[in-house]
Amino acid sequence: MRYTSKMSLFGLPLLHIATGPSEHAKSPRSIAKGWIAIGDIAFGIVLSLGGVAIGGIAIGGAAFGAASVAGLAVGVYAFGGGAIGVYALGGAAIAWHAALGGFALAHGYAQGGEAIAQHANDFIAHGYFENSPMFATAMRLAEHSRWLLVLAAIPIIQNMIGRKS
């Protein structure tokens, strides 16, 4: 699937969608580049969604951005199975300031099954995570993350409909 919006800003389309095999290259993956990019590999200034997503807000299998949500998330705010950032929440969370997860490693605050930090699994760390708007919001999202699977089903259904045509 290919779509590029007619509107652009500083030479980049506002929206670029590129999925499936590349038309011009021999690569089985397409690259989307724009302010909002959706693709197998997505480079989005504001938002990127893809198998590999790089941009401001990056969501994908592997995501690199200011705010990242992914299986492997790297960013200032990282949320995922493996999360690396200044603030990280995940199965394995590694952060400079605060980490929350099954394995949590941070300089400042860490809470989890195995926590390593200046304040790890203590009263101060508990208070930090309880009063942090970012971690409180992330925990609410994590509690209801099963509903995000509905969003993941949309491209699969679109692909199945497209193959029948």
In region 42-57, which residues are hydrophobic (A, V, I, L, M, F, W, C) and closer than 15 Å to residue 71 by Cα? 49, 52, 53, 54, 57
Working carefully through the options 56, 82, find the one that is assigned to a strand (DSSP E or B), at pLDDT 90 or above and surrounded by fewer than 19 Cβ atoms within 10 Å (Cβ to Cβ). 56
For residue 77, are the conditions met, namely being among the aromatic types (Phe, Trp, Tyr), surrounded by fewer than 20 Cβ atoms within 10 Å (Cβ to Cβ) and in a strand (DSSP E or B)? no
Out of all the residues in region 97-107, which are assigned to a strand (DSSP E or B) and closer than 14 Å to residue 128 by Cβ? 97, 98, 99, 100, 104, 106
Say whether the condition of being part of a loop (DSSP other than H, G, I, E, B) and either closer than 30 Å to residue 113 by Cβ or small (Gly, Ala, Ser) (or both) is met by at least one residue in region 28-47. yes
Go through the residues of region 34-51 one by one and say whether even a single one is buried (at least 24 other Cβ atoms within 10 Å of the Cβ), over 14 Å from the mean Cα position of the chain (by Cα) and hydroxyl-bearing (Ser, Thr, Tyr). no
Test residue 105 against the criterion of being farther than 19 Å from residue 39 by Cβ and modelled with pLDDT under 95, and give yes or no. no
Can you report the number of residues in region 119-138 which are in a helix (DSSP H, G or I) and either buried (at least 16 other Cβ atoms within 10 Å of the Cβ) or touching a Lys or Arg at 6+ places or on another chain (Cβ under 8 Å) (or both)? 5
Can you work out which of the residues in region 1-27 that are at pLDDT 85 or above and part of a strand (DSSP E or B) is surrounded by the most Cβ atoms within 10 Å (Cβ to Cβ)? 16
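The values are calculated or read from the model by the stated rules, or taken from the named source; none is laboratory data. Nothing here was measured: the structure is a model prediction, and the numbers come from that model. Don't worry about glycine lacking a Cβ; one is built from the backbone with ideal geometry, like all the others, and counts go over all protein chains shown.
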